[in-house]
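This report concerns only the one structure given below.
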Amino acid sequence: MKQYDLKEKLDRLKARIAELDSVVVAFSGGVDSSLVLAICLDVLGPDRVLAVTVESAIHPSVERGRAGALAAELGARHRVVSSDILSDPDFNANSPERCYFCKRGVMRTMRAIADEAGLAHIVHGANVDDQGDFRPGSRAAAEAGARAPLLEAGLTKADIRALSRERGLSTWDMPSMACLASRFPYGVSLFEQGLQRVDAAENYLREEFGLRQLRVRDHMPVARIEVPALDLPALVSPGARERIVDRLKELGYTYVTLDLAGFRSGSLNEVLGKKDGASG
């Protein structure tokens with residue numbers, strides 16, 4: 001990315017945000033929403049920006065509390081809202097439209113808060129790269145009238161990381177995260193026990209082996225571990241394999257596997273046909 005191209009995109013981003021007057025930022029504390037929040041604060045000022053984080057059982061424990069710390073670091077007003085998403089039967093059924101039902105609920109919450117606070121718009125962190133995957137949640141955001149300034153300004157994930165680094169955001173090289181529901185094959189009903197099992201497995205691998213990017217896909221009784229190809233040798237080194245198997249069996253798995261294809265975001269979408277993928 002040439003520097004002047006990045007500056008042009010940043011100028012477009014600021015222009016899109018300036019049009020909005022006042023905003024509620026759907027703030028997860030990840031790479032994308034952190035840049036959105038930072039630029040909204042730069043352009044609109046803290047009195048016209050409110051960061052809102054929705055937390056529920058589907059969010060990895062390693063993420064909880066991170067958004068609050070980041071919002072405070074940026075000087076943003078911040079609210080945390082608890083959600084009982086597992087009580088929604090449409091979400092709990094875990095169909096390929098799962099993210100639509102989740103985002104629909106989140107956007108309703110954001111809209112209610114925006115109306116209560118007298119703020120005009122909702123913004124979220126979708127970007128150009130998100131268009132290359134199955135993202136039914138984006139449809140729910142569009143239906144709610146939420147704006148995606150990163151996408152509107154033509155920013156890719158690489159652009160967002162580069163601008164975040166320039167802006168001095170600690171999130172610039174943060175690994176991509178995803179809700180715990182994405183660890184379960186479509187059609188498998190979602191329960192808190194299973195979500196906690198996956199969360200504990202990932203926390204163990206992250207802490208024991210210093211992994212930054214990983215997923216434990218839950219095909220109960222099978223755990224399928226995805227890590228970047230460069231990290232594969234560490235998990236099969238002498239002693240490591242046995243420790244991993246022992247710990248994951250303690251968590252309830254009978255079989256523990258290592259996916260030789262390595263980490264890839266949204267790997268459970270690979271079972272969807274091209275027609276389904278295009279509908280997102």
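What follows is calculated from the coordinates using simple rules that are stated; it is not laboratory data. Everything quoted here is computed from the prediction, not taken from an experiment. Neighbour counts are summed over all protein chains in view; Cβ atoms, including those assigned to glycine, are modelled from backbone coordinates with ideal geometry.
Results, tabulated for the structure shown:
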{"item": "Angle in degrees between helix 3-18 and the longest Cα principal axis of the chain, rounded to the nearest 10", "result": "70 degrees"}
{"item": "Amide hydrogen neighbours beyond the local backbone of residue 59, cut-off 5 Å, H modeled", "result": "180"}
{"item": "The chain - share of DSSP beta bridges that are antiparallel (%, nearest 5)", "result": "20 percent"}
{"item": "The chain: relative contact order in percent, alpha carbon pairs under 8 Å with at least 6 residues between", "result": "19 percent"}
{"item": "In region 1-81, the trypsin sites (Lys or Arg not before Pro) that fall in loop regions by DSSP, at most 11 other Cβ within 10 Å", "result": "2"}
{"item": "Amide proton proximity set for residue 80, modelled H, under 5 Å, gap of 5+", "result": "53"}
{"item": "Region 48-92, relative contact order [Cα under 8 Å, separation at least 6], %", "result": "51 percent"}
{"item": "Hydrodynamic radius by Kirkwood, which averages 1/r over all alpha carbon pairs of the chain, in angstrom", "result": "19.8 Å"}
{"item": "Karplus-derived HN-Hα couplings along region 239-254 (A = 6.51, B = -1.76, C = 1.60, θ = phi - 60°), whole Hz, x at Gly and Pro", "result": "x, 5, 4, 5, 5, 5, 4, 4, 5, 6, 5, 4, 7, x, 7, 8"}
{"item": "Region 180-264: relative contact order in percent, alpha carbon pairs under 8 Å with at least 6 residues between", "result": "30 percent"}
{"item": "Cα centroid separation, region 22-88 to region 249-265 (Å)", "result": "31 Å"}
{"item": "Per-residue HN-Hα couplings for region 79-95 [Karplus 6.51, -1.76, 1.60; θ = phi - 60°; Hz; x = Gly/Pro]", "result": "10, 10, 10, 8, 10, 9, 4, 5, 7, 7, x, 5, 6, 4, 5, 6, 7"}
{"item": "Amide H contacts under 5 Å for residue 147, placed H, 5+ residues apart", "result": "122, 123, 124"}
{"item": "Phi-based couplings in Hz for region 36-44 (Karplus 6.51, -1.76, 1.60; Gly and Pro marked x)", "result": "4, 4, 4, 6, 4, 5, 4, 7, 9"}
